[in-house]
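See below for the structure under consideration.
Derivation of every value follows stated rules applied to the coordinates shown; laboratory data play no part. Remember, it's a predicted structure, so these values are computed and weren't measured experimentally. Backbone-built Cβ (ideal geometry, glycine too); neighbour counts: all protein chains shown.
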Amino acid sequence: LKRIRIDASKSYTVAVGSGCVAELGRELKAVAETARVMIVSDDNVYPLYGEKVRKVLETAGYTASQFVFPHGEAHKNLDTYGLLLEQLCAENYSRSDLILALGGGVTGDLAGFAAATYQRGIRFVQLPTTLLAAVDASVGGKTAVDLKGGKNQVGAFCQPSLVLCDTELLSTLPDTEFRAGMAEVIKYGAIGDSELFKLLENTDMETLRKGGDNQLLEAVIARCVEQKKQFVQNDEFDTGSRMLLNFGHTFGHGIEAASGFRVPHGYAVAAGMCIISRAAETRGLCGRETRRRIEALTEKYGLPTGTEFTGEQMLPYIASDKKVSGRQVKLVVTDRIGHAGLVPVNVAELSEWLKDGGVK
Ligand SMILES: NC(=O)c1ccc[n+]([C@@H]2O[C@H](COP(=O)([O-])OP(=O)(O)OC[C@H]3O[C@@H](n4cnc5c(N)ncnc54)[C@H](O)[C@@H]3O)[C@@H](O)[C@H]2O)c1
Ligand SMILES: [Zn+2]
């Protein structure tokens with residue numbers, strides 16, 4: 001079991017290990033000696049792991065109930081959020097109780113936002129079951145649901161009390177979902193961890209996904225969490241250095257939105273990282289070898305290095321992004337593997353960047 005301590009406005013532990021759900025009871029004791037636990041999960045994940053988690057909780061002396069909602073981003077909305085709050089209230093959950101998010105980023109964001117707001121805030125713990133949630137969404141305290149007008153448009157910063165990442169739970173994840181998470185893992189390597197990047201170059205998805213006591217996957221997730229920890233501790237509320245985590249995301253968001261969110265987030269981010277690296281290379285901001293390695297690694301994990309969408313289709317979404325302030329957008333550029341910086345770019349120049357990045 002690898003333990004990582006995060007010291008943000010609240011301190012908490014991220015524990016990563018294979019089979020560590022069995023230790024949930026013991027880990028929870030440090031958070032709440034006794035409590036009722038509302039397990040929040042979607043209808044894919046609850047049937048796989050819900051009863052197992054409930055048994056572990058009950059064995060440790062906790063009382064559990066569950067809120068199961070239909071899977072998918074479309075249900076990360078105010079309706080589901082309202083139903084969850086009403087159920088907490090109907091079951092008389094109080095501030096000494098806990099919410100436990102068992103699932104991917106959709107579940108974590110929804111459960112976290114409910115925890116941030118129910119009775120002005122109750123504690124929550126995260127049991128991520130997707131690679132994306134393990135390396136990104138479950139750590140850092142961003143919680144939100146979507147509005148009809150846009151993704152994550154209502155939410156709160158609210159750190160969890162514990163994150164327990166059992167790599168065994170990832171074994172049932174479809175390959176496409178695992179790949180989508182790999183895009184974020186590659187991102188961490190590119191912007192801040194050249195050793196991780198090399199490790200990914202020297203292994204492959206099959207090896208990473210191998211069942212049993214998979215120390216490699218554990219190590220990879222822990223490295224990503226270590227890095228996210230630094231960003232969260234230095235810039236919890238996302239006004240400065242945490243923006244580097246947006247590598248590939250600005251153009252990626254353009255692809256996602258242009259596709260009507262049919263291109264999964266991770267696939268769009270992968271393409272976004274390659275597009276910006278090519279554009280940066282033509283401006284002398286990214287080395288040729290760096291760009292080549294980013295493209296090669298993206299390809300190696302079965303992710304796209306470009307997009308069918310045109311600049312014209314992508315631009316409106318890029319220019320209206322949350323990250324754009326005034327007429328300027330700060331693009332994240334990896335200049336060499338393991339190091340990235342922000343490049344302020346005029347919105348009017350974005351179409352040139354896209355063209356130079358190979359977008360039609
Ligand atoms: N809070 C943050 O900092 C942060 C960061 C990144 C992304 N996000 C959010 O995360 C969401 C995306 O997360 P996601 O990719 O995990 O999506 P998700 O939660 O929808 O999970 C993807 C799919 O995999 C299924 N699934 C999950 N775990 C499984 C398992 N172990 N076995 C089989 N199937 C499983 C789910 O039911 C779902 O259909 C987005 O809403 C995004 O906004 C939040
Ligand atoms: Zn992302």
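Placing +1 on the Cβ of every Lys and Arg and -1 on the Cβ of every Asp and Glu, with no other charges, gives the chain a dipole of roughly 660 debye about its Cα centre. Relative contact order of the chain: 15 percent, from C-alpha pairs under 8 Å at least 6 residues apart in sequence.
Phi angles across segment 155-170 convert, under the Karplus curve 6.51 cos²θ - 1.76 cosθ + 1.60 with θ = phi - 60°, into 3J(HN,Hα) values of x, 8, 7, 7, 6, x, 8, 6, 10, 10, 10, 9, 5, 4, 5, 7 Hz, Gly and Pro given as x. Ranking Gly181, Leu84, Leu102 by Cα position along the charge dipole of segment 83-186, where only Lys, Arg, Asp and Glu carry charges on their C-beta atoms, puts Leu84 farthest toward the positive end. Here the chain carries DSSP beta bridges of which approximately 45% are antiparallel, counting only pairs with both residues inside. For Val324 and Phe157, what is the calculated FRET efficiency with R₀ set at 22 Å and r taken between the beta-carbons, to the nearest 0.05? For Val324 and Phe157, the calculated efficiency is 0.60. The loop-placed trypsin sites (Lys or Arg not before Pro) in segment 1-92, going by DSSP, that have at most 14 neighbouring Cβ atoms within 10 Å of their Cβ come out as Lys10. From most to least packed by mean Cβ count within 10 Å, the peptides 142-152, 86-96 give 142-152, 86-96. Here the spin labels are modelled as points 7 Å beyond Cα on the Cα-Cβ line, and at Lys198 and Arg336 they lie 1.3 nm apart.
Relative contact order of segment 189-342, taken over Cα pairs closer than 8 Å and 6 or more residues apart, is 32 percent. Between Ala348, Ala134, Ala35, the residue with the greatest mean-square fluctuation in the GNM of the chain (Cα pairs under 10 Å linked by springs) is Ala348. Here the contact order of segment 142-240, divided by its residue count and restricted to Cα pairs under 8 Å and six or more residues apart, works out to 20 percent. Taking the Cα centre as origin and putting +1 on Lys and Arg beta-carbons and -1 on Asp and Glu beta-carbons, what dipole magnitude results for segment 262-360, to the nearest 20 debye? Dipole of segment 262-360, to the nearest 20 debye: 180 debye. Could you tell me which of rounded, prolate or oblate describes segment 217-360, using a ≥ b ≥ c as the square roots of the eigenvalues of the alpha-carbon gyration tensor, with rounded for a/c under 1.5 and, failing that, prolate when a/b is larger than b/c and oblate otherwise? Because its axes are fairly even, with a/c under 1.5, segment 217-360 counts as rounded.
What lysines sit close enough to Lys10 to cross-link, taking a C-alpha to C-alpha distance under 16 Å and skipping anything fewer than 8 places away on the same chain? Filter leaves Lys142, Lys228, Lys229. Charge dipole of segment 248-316 (Cα centre as origin; +1 on each Lys and Arg Cβ, -1 on each Asp and Glu Cβ, all else neutral): 240 debye, rounded to the nearest 20. Stretched out straight at 0.36 nm per residue, the stretch from Arg262 to Lys148 would grow longer than its current Cα-Cα span by 39.4 nm. Projecting each Cα onto the charge dipole of the chain (Lys/Arg +1, Asp/Glu -1 at the beta carbon, about the Cα centre), which of Phe69, Phe261, Ala15 comes out farthest on the positive side? Sorting the options by dipole projection puts first Ala15.
Our estimate of slack between Asp79 and Gln230, defined as 0.36 nm per intervening residue step minus the Cα-Cα distance, is 50.9 nm.
Taking amide H positions as modeled 1.01 Å from N, with prolines and chain starts lacking one, the residues under 5 Å from Thr129 and 5 or more places away or on another chain are Gly103, Gly104. Computed over the chain, the range of Cα coordinates on each principal axis works out to 61, 42, 33 Å, biggest value leading.
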